[in-house]
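Down below is the structure, laid out as structure tokens.
What follows draws every value from the coordinates through simple rules; no lab data is involved. Quick caveat: nothing in here was measured; it's all calculated off a predicted structure. When we count neighbours, we look across all protein chains shown, and the Cβ atoms used for this are built from the backbone with ideal geometry, even at glycine.
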Amino acid sequence: MSRYDHEKHIGLDGHDSSLQGEKPYGTDYNGNQVDVDDHAYPQEEETHRSLKPRQISMIAIGGAIGTGLVIGSGTSLARSGPGSLFIAYTIMGAVCFSVMMALGEMSTKYPSKKGFAGHATRCVDPAYGFATALVYLGKYLIISPNQIVAGALVIKFWNASINSAAWCTIFITFVILINCLGIKWFGEIEFWLSLVKIITLTGLILLGLIIDLGGVPGQQRLGFAYWMDGRAFKPYKVAGDLGKFCGFVNALVLALFAYMGTELIGVTVGEAKNPRKTVPAAIKKTFFRILFFYIFGVLIVGMVVDSNSPLLAQAVAKGTSGGASASPFVVAIQAAGISVLPQIINACILIFTISAANSDQYIATRTLYGMAKDGNAPKIFTKCTSRGVPIYAFAFTGCFMGLAFLSASTDALTVFGYFVSVTTIFGSLTWISILASHVAFMRGMKAQGISRDTLPYKAPFQPYATYAALFFTCLLSFFKGFDSFMPFDYKSFITHYIGIPVYVFGYLGYKLLRKTSYVRITEMDLSSGAREFHDVDDDEVEDEQYKQMTFGQKVLYKVKNW
């Protein structure tokens, strides 16, 4: 019986007649007896486990690649210099991978539909789970319409006469259609959109390398010429060594924004076919893609673009509204005298923004759905269509896409820009929650005498990687708004730090109202939800199908699953 057919035989009570008498029981957070296999199969009106390994792997990196890297890296280069840019992306890449490893260990052990907020509830405190979900939901309620606005502004590269609201309507309709089709369609479409992102970035990086090595007619080899004469580390806000340090810290903040989104694998795990196989594979592949696309990518940018270039200054001033012309890669292409490519790159950046809006809306919906599953939002948000779409959660979060119409007014767009600035602190607080939950998780395992060797996915460099990443993320969250004091700007200060009181008061408010208790490590529930997967049989089916493929089909299969 196929996985899908097996799911069809599960009744409303979650039981399969073929498994009667074989299902172990555990206890939930409140000490109530629960079925350990309770979520092994999606019940009627639940989200479906239909995401394939290749889709999760591609979405994990493709969801994080957006304007923050393609355009935002230019801002960081102009402010901080190529040396600070490269080191900042390397450090934040290590932090990002540590977050992924921490999330991977918990998500493979407890592949809950509640997302990583469920891990915070299980390992720290139900109030902490609520605070985690609150800031994560807040982030994506804002950033999803922002991506739609970015798409509308990118189109102005070709035609500035049409009101942005018209394009916003088209993009919102597209996002609604894709999300309503169900997780199978969403996963497949996001797979190909993410593939376009990866192909585009690969092409830009290779082109940058060709430009740097003197492969363009009439241009000499550049090498590290733009790193010489004190240009590797530029001062920001103040002169001297202090200014260079400020430039480096600012580069770290912008790198954090560029890496945000990789943690979405913790949301998709609830709809993965076999999380214990797909999640570790996605994390391992993410490491190499971070190394190539982010770290090697910004290294190339710093080699082919002069941080003092007037063209770069103009690109930074344009921001996302400049479309392709705002990208440092395009600055390098223009400096090399190559034509036509900016038009193609602008089309690719448009795909970047639409893909990001699509995946961001998916995350917002599943986060609200997870909150409802965790008892932190109205139960109605758990209701799903026959395609596994949490329809009421989607309707609620989808309303926030209407904020994109603020782009029709210049003043309203400025106000909306302040909301968007808040997303970075929301993102860093989410990382802190994941890492803090993992620390508690590891302490709980140690206190209860459970070996880490029993984990379905045992990450390397633990527990040191998690502790180091947690310390660094907390430090960066505290100092990220330093430039709002040079001189003091209350608007900038609020947008940099407003997320912290939301996080704290969300935790304290929930704790006082629900009177929750901190989870003691000796009493932490490390049994319920940690069930064996019956869908591992899919692996055997896939292996048999692969053996029967022709040579061409095998090649295509390997390309899809690289």
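Summary table below
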read-out	value
Fewest-first sequence of 130, 419, 482 by Cβ atoms within 10 Å of each Cβ	482, 419, 130
Relative packing of peptides 446-453, 457-464 - highest average C-beta neighbours within 10 Å first	457-464, 446-453
Unsatisfied cross-links (Cα-Cα over 25 Å) in the set 109/515; 379/515; 184/458	109/515; 184/458
